[in-house]
Amino acid sequence: MRGSPGSMTVLRPRSAAEAVILCAKHPGCLPLAGGTDLMVLWNMGELNGRRILDLSGVAEWRAVRKTAAGLRVGALATHAELRDDAFVRREFPLLVQAAAAVGAAQIQNRGTLGGNIANASPAGDTFPALAVYEAQIRVVSAKGERVIPFSEFFAGVKKTNLAPGELVSEIEFPFPPSRPRRQLFRKVGTRAAMAISKTVAAGLLWLGPDHRVRELRFALGSMAPTVRRLRAVEEFARGKRLTTEVTAQACNLMSQDVCPIDDVRSTAEYRLRVSQNILAAFLLG
Amino acid sequence: MLQIGASLKRADAPQKLSGTAKYIDDYRLPGCLHGATLRTAIAYGRITKINFAPTFPWDECVVARAADIPGTNNVLFIEADQPLLTEDLVMHPMQAILIVGHPDRARAYEALKHIKVEYEEREPVLSIADSLAKKQLLRGEDNVFKRHLIEKGDLAQGFAQADRIVEGEYRVPHQEQAYIENHGIASWVEPDGTIVVHGSLQCPYYVHKALVKTFALPPERVRVINAVTGGAFGGKEDYPSVIAGHAALLALKSGRPVKLIYDRQEDMSATTKRHPAVVRHKTGVSKDGRLLAQDIEVVMDGGAFATCSGVVLSRGTLHATGAYECPNVRVRASVVATNTPPNGAFRGFGVPQTIFAAELQMEKIAAALSLDSLELRRRNAWRVGAVTATGQKLQESVGALKCLELCARRGHYLRKRQLYARWNSRKGNPTWRGIGIALCPHGAGFTGSGEVTLASRAAVALTKSGAVRILAASTDLGQGAITIFTQIAAQALGLPPGLIEVEVPDTALVPNSGPTVASRTTMVIGGLIERAAGQLKDALAQAGGRAPRTRAALKKAAAALCGGRQELRFEVAYEKPADITWDDSLYRGEAYGVFSYAAVAVDLEVDRLTYEVRVRRVTTAQDIGKAINPALAKGQIMGGTLQALGYALFERAEFQGGWMRNSQFTNYIIPSFADAPPMEVLLVEEPYSRGPHGAKGLGEMPMDVPAPAVVAAIHDATGFWFSEIPVLPENICGKFRNAEKTK
Amino acid sequence: MISFTVNGRKRAYKGPPFKRLIDVLREDFGLTGTKEGCGEGECGACTVLVDRKPVTSCLVPVCQMEGRRIETVESLGREQRLGPLQSSFLEHGGAQCGFCTPGVLMTASVLPKSTAGDPLAIRRALSGHLCRCTGYQTIVESVAKAPRPKPRSRKR
């Protein structure tokens, strides 16, 4: 244990309003939600002397609620709360599967959706689900509020487009246009549980009455510095029947939107091939 | 009252289950300093300068350096080549330079950031190949720590008679022990100058031996105490001597108690691992599948210092042929130096490496002869009367075939081979399935003359108040030594187990029973305890006419027998059986008093989309002579088996520039609950006349045998052979890609 | 000052607010049954219950524990009088070296009803714990065969 508690300053806002004021007042403070990422670094002694903005007292950012347009998830809702919510299970099943794939029970009980997003790991397990559900990220600062489409939220590995002083407050999920014909969440990790993903996929598919693709949404994590929608594949598939040949062509287009790498967990070649296999199986049903 | 063969509940479990068992970091040491270790940041070269940043408040710290060592600056083990602290020559990354002590643990680590070390770097030797090529001379004239040679029969003649010659090369990687409790030692100096070391360790007398030299003290001025130890698997055999030296040095320098507790990253990247190895086989066989010639070459990577590498190599060498008889054999083995952290003991101790090769070679031979490998094994497996490569004639307790047959039958090996061939031919199935089998021997106890050299002692004491206490230096690492010793003594004395205590392994209290390693604790030390308890029983019977059976009777007898003395101690020493001979220079004779045996069938499936392997079921039959406590024995077997599945399928220490890059549980992947298959364990009991109640060694063997069975099963599933582990999904994926390319 | 309950007892903590829960439990309250295995939430050895939910206490700063209900292995039973779950671990060999055991016990003590007697569900539910000794099977058996806590009596 290399973190030094005595070296730390902790700010404990009791409301959202107080949180944004403190955040503005103390540039460089580190927002803390469930701590499942931040505390790992702290234990390694890498955050000694820093100022922590502990958001756990901000009650208004905890709720998971149904709205007319879809679902609103407070940034401080835990993965366990998402996983166990009856409405989310019914309407946004990929989000439930993704939340259940984050770490194991203990991490799901602590880790929050907002914290996970703000941490901007390339391997975030929920991100492909957020991408295909076309989530909107509501962020606040002392200057006001704005909404960032999820597809524009990340700037790179561990980097977001949050401006200084901005905090994630809520994540909004619009209802999909209709029930998808097929849907998929699949995480391929370093082991069967408690793993970091080598590739993680989410897909939604709508077919027309003629079995032609009305809409395809497919996203991959761990395959680029940030989660990616496969725009080229989605565009290509539109209006086509999903034959073996079309599927093979679609898979070949995958690399237009991702650029996997070799790292300590896997190889670029494996990541691409397996992602293609998963996409192909999804498209062929 | 039969204690032997009964699954007595683990004696130390109530404390462990209620949180009262005390591991080393659970002790409060008022006023203690926490130690943090400054380590080398290069693989090979010299330290030219050590700068302490003047801005840091060094007066808060105590710094222990090599110059503070009163005796010799090395960690005496088998050799004395490893410095306790280096101030000059750097032989590997993460080598200890100095120890900083601070009352606050985090501040001790913080202090390390304010020390800058300057180096003169040299090109390091990072692979077996570079070491053999003498890219740099790290050790002696050829970088070789140790060589062994076994020769039997006439190799050339054997190959000349052979119908087929099969060659293969096999590679195994580092493996991290990954006990859940990290290394930790506490130390303090008593007013009379005695250095006390208390901690998570396997072998109190190894640490004792090293400290006596480091601190130039008479043996009675060094005391080593074993705390409850949270797993070891060999990883706490030799490295605790290093940490103990560091902690004691800081305690001596500061005059305060010291705690030196590693965190996971330091533990994984600085301490010992299983030796990587390259093993080459050339085998001559007859058409009908008889082994005629085995030419085997083993090279292991020892890392930067000798540790126990020579002995690991020895055990690997002696098991290199597998449990098979062959008239003409040559095994050439060596372990070489590289600029990586020293490798050391890990459950199996060289055997998993050479058995992986031997068993896959059997698969390769079987394929060349179009024979099922089960049949090939049947034809060559050791039986009573078989002669091993060292010329040892196996006289008794040879359960190899029994294990193999039982495992094949209960694991439905042949039926599943057919079933899965059909499953795999169906295109729509989500997986490919396969089953593989493997067999191994495991020599119990120390190799050759090792037990004679150790001359282990153990005792049973009776106090005048009527307590029976077992005194041995063997530690309970979770394997159940306390429980087994209790059962053996209770049986010998005819007393209920509740009346028997086991003393804490503390060099001030217990005799030197040698190390807690080599599957020797039950067979060798258990045997000593049985003899000592027998002597106590005789004394009790002589004194009282008949042996006491109850607490009251024991109390009465103890008072009479002890007279004015506090306790009566019956201490016995290991005695070499007269007919066991071993020639260490020729590597001929009885390598081990006896072998245990294990067969395993691994049933698995490979995902067709992701190439992930899921082990569906493991069936294993293991001949351990006699299970003193079947529940504990099965627990050992299941735990060792899963470690071996990890070795085969997940665990890869990613070394770059001599560093382990994935020294965290996040990236060094050991199997989780969700990866572990259901296991069926079948105990085979071919009694050994010299083991207590027929018992043979067990602890290491479960680790030896699953890896080749996994590879055989993956072949059965996919049609691809792998000669190296771990077989990761990436490797399977690569084989499919290559197969497509060549199409 | 931060107030919470530990094993049913009210506690007030006055030290630095960013101290980890595991360190507060072990150092300030002497509850050393909770173990540290990795310091990154990966091994589960430090698992305790916060408001009846298992969390890895190495990743929890104590400043977030205001008003919370914390339970550790010491709450499950005593060495001389083990609770039913602990007794089942004794009976079925669920502990070897014992270092992962307190954490496993805490998660197992609040397993959802849906896992009852289903080895696969138990394996999934406990997958946030690493054990290197047992191969997991005896733990699964210990949990599967533990008597379920009886529903609380309504009688006063």
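Summary of values
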read-out	value
Nonlocal amide H pairs with B:W582, under 5 Å, H built at 1.01 Å	B:E590
Dipole axis of chain B (+1 Lys, Arg; -1 Asp, Glu on Cβ), positive-most option in B:V222, B:P515, B:V615	B:V615
Test item: C:27-38 mean partner chain Cβ contacts at 10 Å	5
Average beta-carbon neighbours from other chains, 10 Å sphere, peptide B:648-658	1
Karplus 3J(HN,Hα) series, Hz, for the stretch B:60-73 with 6.51 cos²θ - 1.76 cosθ + 1.60 (x for Gly, Pro)	6, 10, 10, 10, 9, 10, 4, 5, 7, 6, x, x, 9, 7
Dipole of chain B, positive direction: furthest Cα of B:P577, B:L401, B:L250, with charges on the beta-carbon	B:L401
Shielding score for A:265-277, defined as the mean number of other chain Cβ atoms within 10 Å	5
1.4 Å probe, heavy atoms, protein only - residues of the stretch C:77-122 losing at least 50 Å² accessible area vs chain alone	C:E79, C:L90, C:Q96, C:C97, C:F99
Summed buried accessible area for B+C [probe radius 1.4 Å, Å², rounded to 100]	3800 Å²
Cross-link reach list, lysines versus C:K10, counting only Cα pairs under 24 Å and skipping chain neighbours closer than eight places	C:K19, C:K35, C:K53
Highest-first arrangement of B:280-288, A:31-39, A:118-126, B:232-240, where packing means the average Cβ count within 10 Å	B:232-240, A:31-39, A:118-126, B:280-288
Accessible area per residue in Å² at 1.4 Å probe, computed on the protein assembly as shown	35 Å²
Those lysines that a straight Cα-Cα span of less than 27 Å connects to B:K537, excepting residues fewer than 8 apart in one chain	B:K9, B:K464, B:K555, B:K556, B:K576, B:K626, B:K696
Dipole of the protein assembly as shown [Lys/Arg +1, Asp/Glu -1 at C-beta], most positive-end residue of A:A219, B:I525, B:M703	A:A219
GluC sites (Glu not before Pro) restricted to DSSP loop in the stretch B:528-589 with at most 15 other C-beta within 10 Å	B:E575
Cα centre as origin, Lys/Arg/Asp/Glu Cβ charges: chain B dipole, Debye	1780 debye
Candidate aspartates and glutamates - alpha carbon under 18 Å from B:K287, same-chain residues fewer than 8 apart omitted	B:D163, B:E167, B:E325, B:E363, B:D372, B:E375
DSSP bridge orientation in chain B - percent antiparallel, rounded to nearest 5	75 percent
Peptide ranges B:131-139, B:593-601, C:104-112 listed from the most packed, as the mean C-beta count within 10 angstrom indicates	B:593-601, C:104-112, B:131-139
Percent of beta bridges antiparallel (DSSP, the protein assembly as shown, rounded to nearest 5)	80 percent
Solvent-accessible area, 1.4 Å probe, carbon plus sulfur percent, for the stretch B:205-296	52 percent
Unit charges on C-beta of K, R, D, E only; dipole of the protein assembly as shown, Debye	3900 debye
For the stretch A:5-57, size of Cβ-based charge dipole, Lys and Arg +1, Asp and Glu -1, in debye	180 debye
Residue-averaged [θ]222 nm for the protein assembly as shown, counting only DSSP H segments that reach four residues, each worth -39500 (n - 2.57)	-8500 deg cm²/dmol
Total accessible surface hidden between A and C, rounded to 100 Å², 1.4 Å probe	2300 Å²
Residue-by-residue Karplus 3J(HN,Hα) for the stretch B:690-706, coefficients 6.51, -1.76, 1.60, Hz, glycine and proline x	9, x, x, 6, x, 5, 10, x, 9, x, 8, 3, x, 6, 6, 10, x
Carbon plus sulfur fraction of accessible area for the stretch B:554-649, probe 1.4 Å, in percent	50 percent
Length-normalised contact order of chain B in % [C-alpha pairs under 8 Å, at least 6 apart]	16 percent
Other-chain or far-sequence residues with amide H under 5 Å of A:L32's (modelled H)	A:L53, A:D54, A:L55
Accessible area of the stretch A:5-57 belonging to carbon and sulfur atoms, whole % at 1.4 Å probe	56 percent
Packing-based order for C:62-70, B:654-662, B:153-161, using average beta carbon neighbours within 10 Å, highest first	C:62-70, B:654-662, B:153-161
Residues along the stretch B:16-55 losing 50 Å² or more of accessible surface when the other protein chains are present rather than the chain by itself (probe 1.4 Å)	B:K16, B:L17, B:S18, B:G19, B:Y23, B:D26, B:R28
Under the Karplus curve 6.51 cos²θ - 1.76 cosθ + 1.60, θ = phi - 60°, whole-Hz ³J(HN,Hα) for the stretch B:431-447, x wherever Gly or Pro sits	9, 10, 10, x, 9, x, 9, 8, 9, 8, x, 9, x, 9, x, 5, 5
Distant-in-sequence amide H partners of A:S169 (H built 1.01 Å from N, under 5 Å)	A:R138, A:V139, A:V140
Chain-alone versus full-assembly comparison, the stretch A:1-24, residues with accessible loss of at least 30 Å² (1.4 Å probe)	A:M1, A:R2, A:S4, A:P5, A:V10, A:R12
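The values are calculated or read from the model by the stated rules, or taken from the named source; none is laboratory data. All values derive from a computational prediction rather than experimental measurement. Here the Cβ is made from the backbone with ideal geometry for all residues, glycine too, and neighbour counts use every protein chain on show. Heads up: the accessible areas ignore ligands, DNA and RNA and are worked out on the full protein's heavy atoms, side chains in. Shrake-Rupley method; radii C 1.70, N 1.55, O 1.52, S 1.80 Å.
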